[in-house]
Structure formats: structure tokens, C-alpha cells
Amino acid sequence: MNAFTAPGRFWRGNLHTHTSASDGALSPSDTVDFYRTAGYDFVAETDHFRCEYGFPLTDTRAYRTAGFTTLLGAELHAPRTSLALEWHVVALGLPLGFGPSDRGETGQLLARRARRAGAFIGMAHPSASLLTLADAESLDAAHAVEVYNAVSAWEDRGDSWHLCDVLLARGHRLYAYAADDAHFQPEDPPGGGAWVQVRARSLEPDSLLAALKAGHFYSSTGPTLDDVVVTEGEVTVRCSPASRILVTGGVPGKEVVAGAGMTEATLPLAMFKGGYFRVTVVGEAGGRAWSNPIWQ
């Protein structure tokens, strides 16, 4: 079952955001107001879980309404990767009271502890963090790779699909999400630059979290993916007006259809048989949308 055959409807959300509880410019309530006004259905405020900020797990439950909700979470840090002093791990659905790292707890151990506590675990901005393949393979608690990060894009390191594709081709069952990582600082890009559309039965946090763990979502910086229908040997994609619709996967090469204002295309899957494929839509008005990997 993929996101387009799962029960429910799509809900737009951002999985990686910072507030004044760590290094963001806006208060937690103002951050919620920004996303609500921008047409989102939910946001996760993932402040840096560091000693310098008092290990915040920002409690946003008071800001939930009938039409907008929040996921509790944090960006976790612990030593170290091959090229950096600390890991950056997004953890969503953490329980209030989740404890700081003990001395000697590595990033891998911290991520495992968060996953045992019920969290959805994301490998944050791998390109900007210069994660190596060995680093990524060692983070065995991860559910997903953050394949696009809008803040990291300002340093030309926003796209982490290469690492994700290599992990997938090596047999790791991972999902892929985009996020804006908004800090709302003057030097940063504005919020709302990347998001997920999560297909769930309801807007309840537990429903959204279960859908994330099941991979029932797609990611976008603009276009809409309306449907992805897999039949024997081919995939049909329906979307907002696009200039290109592509299928790629665990082998070099692609299937692609290009044109003006395309809203539907059918592409063959033979070259991806026995592995996975994913859909990319390049919007006519700009931006991209990406499906999660779909295994055959």
C-alpha cells in the first residue's frame, strides 16, 4: 500500500521547524500562527535538544484546534559523525519528559532510544551535515531521510536524494521527506519552502504519526501529486501542471515525459523490476514533488 491507496485524505505539514525555545526567531505560538495562516494543517516544532537551550521539548498542545494540530518533537544531537562533531536527528512524537543524553550516548544510541519511545526518526539535512554512507547506514533507527531542506538549499546543500537513493539501492527500507527547517531569522529563507502531504484518516497527532511511520506521504516544494497508480509494468501519475514527470530508482537512468502543462503521464517500470522506484514531478510554475519509494 502506498500513500495514494491508503485510507483517509492528505494533510499538509512541516516536520522540521525551530522557535525561540532554541535558535528560532518566532515564539512557539507565533510559529503555529505562521503555518496555520499559510494553509498548513499541522506543524512539528523541533527545537534543538541541547544543554544550552535547556533540552527543550516544546509543548505545543495548547495551540491545537479542530482544524490545526501539532506534533511534539525535537532535533536531537549527540556525538559524532565522520566529518562533524554531532548528529542532527529529527524525532517526532516524543513523549514529554524524554530525557537528555547521558554522557557517552552516541547519536545512534540516542536515535534508538527515541524510536523506542515511539518517535518517527528522520535523518536531518544529510547533505548539509556531510553525512557519509557509513554514517547513514549506522543510524539504524531512522525511518526516513530528509531529502530536501529549504534552509540548507541556501548554502546549495538542500538536496540529499543521492544519499537516499544509494541507501535504498543497498537494501535499506527508508522513506523520504522534505522540510523547510524554518528559523525565521533575517538571514534565512522564509518559512513554507518545503512540506509533506500526509495521508491519514484524521488530523489527530497519533493518526498522522502512524501514517508517517507507514510511509503514507509525499513531499513537495510546490507541485501537487494527485495520484500514483501502479499496474503491471507501468505507473500512471496525475499531478498539477508539470513540465516533466520522471521515474527513477535503484539503477542509473530514468523514464521521463516532458511537455507543457502536463497533468497525467504513464511510464514503464521494466528497468526498475525487482527493486524500487520513485516519482518526481517538476512543476510548470517551479518546484518539485516527490513520492516515497515504492517497492515492486
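Taking Cys51, Cys164, Cys239 in turn, the Gaussian network model of the chain (Cα-Cα springs below 10 Å) assigns the largest fluctuation to Cys51. How much of Lys213 can a 1.4 Å solvent probe reach, expressed as accessible area in Å² and rounded to 10? Lys213 has an accessible surface of roughly 70 Å² with all protein chains in place. These residues, Arg173, Arg199, go from largest to smallest accessible area, 1.4 Å probe, as Arg173, Arg199. Legend: residues Asp140, Asp47, sorted from most to least accessible area (1.4 Å probe; ligands, DNA and RNA excluded), read Asp140, Asp47.
Subtracting the Cα-Cα distance of Leu130 and Glu155 from their residue separation scaled by 0.36 nm leaves 7.8 nm. Across the stretch 156-249, the mean sequence separation of Cα contacts (distance under 8 Å, 6 or more residues apart), normalised by length, yields a relative contact order of 19 percent. Each part gets one Cα centre, and for the stretch 112-190 versus the stretch 201-275 those centres are 20 Å apart.
When all protein chains stay in place and ligands, DNA and RNA are ignored, the 1.4 Å accessible-area order of Ile294, Ile245, largest first, is Ile294, Ile245.
Comparing Glu146, Glu105, Glu155 in a Gaussian network model of the chain where C-alpha atoms under 10 Å apart are linked, the largest mean-square fluctuation is found at Glu155. Along the axis of the charge dipole computed for the chain (Cβ charges of +1 for Lys and Arg, -1 for Asp and Glu, origin at the Cα centre), the listed residues Phe68, Gly93, Ala242 are led at the positive end by Gly93. For Arg50, the amide hydrogen comes within under 5 Å of the amide hydrogens of Phe55, counting only partners 5 or more places away or on other chains and with H modelled in the peptide plane.
Once the Cα atoms of helix 28-37 and of the chain are each reduced to a long axis, what angle between those two axes, in degrees from 0 to 90 to the nearest 10, is obtained? Roughly 20 degrees, rounded to the nearest 10.
Of the residues Leu85, Leu57, Leu208, the one that moves most in a GNM of the chain with alpha-carbon contacts below 10 Å is Leu85. The phi torsions of the stretch 105-121, fed into the Karplus equation with coefficients 6.51, -1.76 and 1.60 and a -60° offset, translate into couplings of 6, 7, x, 5, 5, 5, 5, 5, 5, 5, 5, 4, 7, x, 7, 7, 10 Hz, rounded to whole numbers, with Gly and Pro shown as x. Just how large is the dipole of the chain about the Cα centre, in debye to the nearest 20, putting +1 at every Lys and Arg Cβ and -1 at every Asp and Glu Cβ? With only Lys, Arg, Asp and Glu charged at Cβ, the dipole is about 880 debye.
Within the shell defined by Cβ-Cβ distances under 13 Å, the residues around Ala136 carry a net charge of -4, with Lys and Arg each +1 and Asp and Glu each -1.
The distance between label points at Leu83 and Ala210 comes to 4.0 nm (points 7 Å beyond Cα on the Cα→Cβ vector). The mean sequence separation of alpha-carbon pairs under 8 Å and at least six residues apart, normalised by the residue count of the chain, gives a relative contact order of 16 percent. The packing ranking of peptides 98-104, 10-16, 281-287, highest mean first, is 10-16, 281-287, 98-104, where packing means the average number of other beta carbon atoms within 10 angstrom of each residue.
Per atom type, the chain shows carbon and sulfur on 51% of its accessible surface, probed at 1.4 Å. With contacts taken as Cα pairs under 8 Å at a separation of at least 6 residues, the stretch 1-111 carries a relative contact order of 21 percent. A value for Cα Rg over 2.2 N^0.38 Å was derived from the coordinates, and within the list [x] 1.07; [y] 1.19; [z] 0.96 it appears as [z].
The values are calculated or read from the model by the stated rules, or taken from the named source; none is laboratory data. Here the structure is a predicted model, which is why all the values come from computation and not from measurement. With ideal geometry, Cβ positions are generated from the backbone for all residues, glycine too; neighbour counts draw on all protein chains shown. For accessibility, only protein heavy atoms count, side chains too; no ligands or nucleic acids. Shrake-Rupley method; radii C 1.70, N 1.55, O 1.52, S 1.80 Å.
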